[in-house]
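Report on the following structure.
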Amino acid sequence: MNSVGATRPNIVFIMSDDHAAHAVSAYGSRINTTPNIDRIADGGVRLDAAFCTNSICTPSRAAILTGTYNHVNRVTTLDTHMDNSLVTFPGLLRDAGYQTAMIGKWHLGHGPGHDPTGFDHWRILPGQGHYHDPVMLEADGRVVERRGYVTDLITDDTIDWIRSRDRSRPFMVLCHHKAPHRRWEPAPRHATRYDDVDIAEPETMYEDLLTGHADRAAVVAAMRMRLMDLDPIYDLKAPVPPGLDAESELRWRYQRYIKDYLRVIDAVDEGVGRILDVLDDEGIAENTIVVYTSDQGFFLGDHGWFDKRLMYEESLRMPLCVRYPAAIPAASASSAMVLNVDVAPTLLSWAGVEVPAWMQGFDATPVMEGAVPAQWRTSMYYRYWMHRDAAHNVPAHLGVRTHDRKLICYYNDPCDQLGASGPADPVEWEMFDLAQDPLETRNVIADGDRRDEVAALTAELVRLADEVGDILPAGVR
Ligand code: CA
């Protein structure tokens, strides 16, 4: 409920693309500082168990906008663009009298049937967009040629729109950055930052080199998402130095990769600071909800990988910091489980707009205000659908995460087997004990003394699938 009465809050929703929580200093990053994102956390709440229900760009964005899981909104993969007749929280806010805008990366398709709807103003990147001198699209097919760095332009446009708003009505703006998506092209002013330092390596970076992921499902070991799979010229922007052994090459690749990743985040963080300054300058910070999040997490060399997609922690976890001084205690944190599908009902609730019954996420305003309801969820359902995509070869999977356990089923989509001549890939399972093994280094699915736990988690997976209305593939139940 909106606890501040008649004055409806403004909403500034800042979402980056592929920004892992472990590259945010408010979350204890070992590799960088994000002082402006931290300002949001310092002035509000940091959600420590915020998860996406499908760790890939387009589907997570659809889940955020509609408050529904991907089997409901039908945006299951990068190639299934969102039907723009679906009801979204921005459209509902607009219907309720908010002025609304969408600026930056949309990535839900464009053109008839897919252009953003529910906004008074929108200016988006086509598809992934470009880091430098990007083309942007507007209503009625207008194409805008821009000069400059994409993160700065999206920030500028967001600020311009806030400054030029109708001050008699509340506003809601989606500021969606392209950064830090692959291929991590920094702004010129950040191009040499970190050149003279070594960035700390993740503890699990050598797992691939040491074990070849032999402890994991065979379909996971066969993925092409290793630091060794990054293209030196395209991704790392330099040829591999001659004469390196495997360990030295891995180290070199990690430093090349992570430094550009952090450089593009630096521009995002600066943009966040500029927007916060504008809210202060306009005198509206107290009654404005500011959200910082990312569509999913990312592997930052963890387990030897880059990218996302998997249900493992680094990819599953979203950074989610929310500042709303009128309702949220400053410098608070919550370990209650909050999902991407909760964003829509939560923001609608604060705005005093009725949450449609068909929305599947929960109103998390009590969680964020520091009073977790007794019946709040203690487990979550996950499903990744893009079975063995050509680039990364990541298998489709689904699973359940509780506060201290995770069960994953690689169900080897039978649709993928239709054209195959050989036998279908077997269904494979993994289980992790997050209490004993938070970095998920030991798959305990085959431990004999875990049978009861596996059975209980499987039952919970089935219960959650039923609750959200998904149909489990053959071989899972
Ligand atoms: Ca993404």
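General observations
- Among the residues of segment 9-52, those that are of a type outside the set (A, V, I, L, M), more than 16 Å from the ligand (Cβ to nearest atom) and either surrounded by 24 or more Cβ atoms within 10 Å (Cβ to Cβ) or within 23 Å of I284 (Cβ to Cβ) (or both) comprise P9, N10, T34, P35, N36, D38, R39, D42, G43, G44, R46.
- Qualifying positions in segment 291-317 - more than 24 Å from W358 (Cα to Cα) and in a loop (DSSP other than H, G, I, E, B): G297, F298, F299, L300, G301, F306, D307, K308, R309, L310, M311, Y312
- Some residue of segment 211-227 being polar (S, T, N, Q), in a loop (DSSP other than H, G, I, E, B) and either away from the ligand (no atom under 16 Å from the Cβ) or assigned by TED's automatic domain parsing to the domain that holds F89 (or both): no
- Qualifying positions in segment 88-125 - under 19 Å from the mean Cα position of the chain (by Cα) and either within 16 Å of the ligand (Cβ to nearest atom) or assigned to a strand (DSSP E or B) (or both): M102, I103, G104, K105, W106, H107, L108, G109, I124, L125
- Elements of the type strands (runs of 3 or more DSSP E) sitting completely within segment 337-435 and holding at least 2 residues that are within 19 Å of T68 (Cα to Cα) and at pLDDT 95 or above: these cover 379-384, 397-402.
- Residue in segment 279-295 that is under 29 Å from P438 (Cα atoms), away from the ligand (no atom under 16 Å from the Cβ), of a type in the set (G, A, S) and touching a strand residue (DSSP E or B) at 6+ places or on another chain (Cβ under 9 Å) present: no
- From the options H121, H176, residue that is surrounded by fewer than 19 Cβ atoms within 10 Å (Cβ to Cβ) and under 24 Å from V291 (Cβ atoms): H121
- Verdict on S55 being within 30 Å of I408 (Cβ to Cβ), among the small types (G, A, S) and within 16 Å of the ligand (Cβ to nearest atom): yes
- Selection count, segment 59-87, where residues are surrounded by fewer than 24 Cβ atoms within 10 Å (Cβ to Cβ), within 14 Å of the ligand (Cβ to nearest atom) and among the polar types (S, T, N, Q): 1
- Restricting attention to segment 139-156, the residues that are touching a His at 6+ places or on another chain (Cβ under 9 Å) and more than 22 Å from I275 (Cα to Cα) total 1.
- Meets criteria (part of a helix (DSSP H, G or I) and either surrounded by fewer than 18 Cβ atoms within 10 Å (Cβ to Cβ) or touching an Asp or Glu at 6+ places or on another chain (Cβ under 6 Å) (or both)) for E249: yes
The values are calculated or read from the model by the stated rules, or taken from the named source; none is laboratory data. What you see is a predicted model; the values in this text were computed from it and never measured. Virtual Cβ from ideal backbone geometry, glycine too; neighbours counted across all protein chains shown.
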